[in-house]
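Bear in mind these aren't lab numbers, they're just calculated from the coordinates by the rules spelled out. Keep in mind that what you see is a predicted model, and the values were worked out from it rather than measured.
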Amino acid sequence: MSFKKTLFGGLILFGAFFVLCLVHGANKIETHLKNQTEQKLKKQGFNEVHTAVDGRIVVLQGKLSSKKEKAAAERLVASVWGVRTVVNHIRVQRPASAFSAGVTRFVKEIQQTTVHFAPNRWAISPSNRILLDCLADSLKKYSHMSIRIVGFSDSLGNLARNKIISRKRAEAVRDYFLGKGISSSRLVVEGKGSRDFCASNQTDEGRWKNRRVEFRVLETP
C-alpha cells in the first residue's frame, strides 16, 4: 500500500513539474516573440507600435499615419519566426496639421464656388457640372462635413415666384450631388429669392450674377 502511495505521489509531483515546464516554456516563447517583434518594429521606425503576445498570437497596438504603414507593420511582424497569427489593432491617425490644412482648403473651395443659371431656370448647365463634380469629390474626401446649398434669383418677377425659383435651384444642385453618391443627410437646401443680391439688378450682367447658388459649410472637426 505504501508503495502505491509513493508511486501515486510521485506521479502527482511529476505531473506538476511537467505543467510547470510547459508554462515556463510558453512564457519563454511569449517573451522571446515580444522582444523580437518589438525590436524589428523599432528598427524599421515603427516607434508608436507595441505588441502583446498570447502564445504564438501577436496583437499589434498603437497608431500610424496611413493604412499603408499599418499593413507594412503587420507584414513585418508576420515575418518573425515563431509567429503564427497577427491581430492588427493599429489605429490610423493622420497628422493633425495635414488634416487641418486639408479642411481649410475644402472650406475655402466651398465658399468660393458659385454656380449660375439662365432666367427662370434651374437646370444644371455643362459648365456648372464641372464645378459641381469638383465639389462632389471634395465632399467624398471629407465625409464628416455637411453643407448648406443656398439658391438666389434676380429681381425680375414677383417675390413669391423668385423664392420658389431660388429654392428649385438649390434643390437641383442637391439632386446633382445625390446622383454622385453624397448622402442627403449632409445636404441642406435653402431658397432666399431676390432679397440678398450680390450685384445690381439694373444690368444683364448683374442679374446673371444674382441668379446663383452659393455654399456654406455647416460642420467642421
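Taking the alpha carbon gyration tensor of segment 93-152, what are the square roots of 5 times its eigenvalues, largest first, to the nearest whole Å?
Working through the eigenvalues yields semi-axes of 28, 11, 9 Å.
Give me the compactness ratio for segment 72-193, meaning the Cα radius of gyration over 2.2 N^0.38 Å. Could the numbers behind the result be given before it?
Details: Rg = 21.8 Å, N = 122, 2.2 N^0.38 = 13.7 Å.
Taking the Cα Rg and dividing by 2.2 N^0.38 Å, one obtains 1.60.
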